[in-house]
Amino acid sequence: MACPVQFLCRGLRTVGLVLLYYAFSIGITFYNKWLMKGFHYPLFMTLVHLTIIFCLSAITRRAMQCWAGKPRIILSWRDYLRKVAPTALATALDIGLSNWSFLFITISLYTMTKSSAVLFILFFSLVFKLEEPNPFLILVVLLIASGLFMFTFESTQFNLEGFIMVLLASFIGGIRWTLTQVLMQKAELGLQNPIDAMYHLQPLMFLGLFPLFLFNEALSISTSEKLFRVTELSPLLYSLFTLSIGGTLAFGLGFSEFLLVSRTSSLTLSISGIFKEVCTLLLAASLMGDKMSVVNWLGFVVCLSGISLHVGLKTYYSKNKGMSLRQLSTKSPELELPLLRQSEDGKEDSAADEDEEQEITLH
């Protein structure tokens, strides 16, 4: 009787974690879009979010330190500026441009265009030799690119400026996630835990995005009656409150992704992400009034097919790689990857689960 009960509990836990991930991921997309209707300062909003994420990460690290009784990793200035800065700059531009695009485009176009990030992740993974060349990758690229073209073809709510912003964000996102994988897989840095990575990334992300904010929004926001030229206290408190909610959602998204992957696998996150795109588009059509033609929906299906093929290929090769790791570890234990030797709670994982953990940042 223990096995069915354990299986049921594991299934309920997975469903709960997926729903938590959906709540934060879909919630922040719709919330930012809603906020941009009355608050036209996306870069300032992003800076506030980064500040909140840093503070919540610091609090979480402190709680984890008290719970485990071990000090958390703190990088030296040399490693911080040389190895973390490129990832932080790419992440800041990706998030900043994504939020900026909400001023111009619909949620459906944003969701669909953001899905093209898989193309750029594949490209930079090949450049940095994190991904092995495979003929099926050509089919993945063709499916996603064709789906994106069909989705934007004769779209009645298409905006070129916003589309370029999201496409540029997806391109930079490819660099971002590739550099993030390299950063988190360097065992000597000790940033395998996403909470530690978030804590170290936020200050440099803030500094990287701040010049763009000064150039584009600083003058207009300094004369805004919503913040710096308020005549009453209530509008200022309302603006700060709404911005704080977005920052909390952003932190919750990162933390829920970490929980989902650490308690299940990166494959679960990838599959959940595919269904999340479907839910987002359906909600955008029903709640926000986004209009999509039959060709647009067909393009979305084609794009999802490419993403699903990519996830399937990653799973197949991860399993084969896991079998190779098991054979190596039985012959020579010292050949085990130090990064994958133990899980977060100190217990050893199976080789297959370890290999899936190695894929966390690319999904």
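The numbers here are math on the coordinates, done by the rules we state, and not lab data. Since we're looking at a predicted model, the values are computed, not measured. Cβ coordinates were reconstructed from backbone atoms using ideal geometry, including for glycine residues, and neighbour counts include every protein chain displayed.
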Expected vector for the stretch 28-36, Karplus 3J(HN,Hα) from phi with 6.51, -1.76, 1.60 and θ = phi - 60°, integer Hz, x for Gly and Pro, equals 6, 5, 5, 5, 5, 5, 5, 5, 5
Distance in nm between Cys66 and Tyr317 label points, each 7 Å along Cα→Cβ, equals 4.5 nm
Rounded to 0.05, the calculated FRET efficiency for the beta carbons of Leu237 and Thr51 at R₀ = 25 Å is 0.90
Over all Cα pairs of the stretch 1-136, the Kirkwood radius sets Rh, and Rg/Rh then becomes 1.04
Note, the stretch 280-289: 3J(HN,Hα) by Karplus (6.51, -1.76, 1.60, θ = phi - 60°), whole Hz, Gly/Pro = x, goes 5, 5, 5, 5, 5, 6, 8, 9, 9, x
re the stretch 269-313: pairs of Cα atoms spaced beyond 16 Å account for a percent value of 41 percent
Here the gain from full extension of Tyr31 to Val15, 0.36 nm per residue of separation minus their alpha-carbon distance, amounts to 3.4 nm
In whole angstrom, largest first, the equivalent ellipsoid semi-axes that the Cα gyration tensor gives for the stretch 65-117 are 34, 16, 9
Here, Phe158 and Ala285, labelled 7 Å along Cα→Cβ, have an inter-label distance in nm of 1.9 nm
Ala145 and Arg263 label points (each 7 Å along its Cα→Cβ direction) are spaced in nm at 4.0 nm
In whole Hz, the Karplus estimates of ³J(HN,Hα) for the stretch 90-99 (6.51, -1.76, 1.60; θ = phi - 60°; x where Gly or Pro) are 5, 5, 5, 5, 4, 5, x, 5, 4, 5
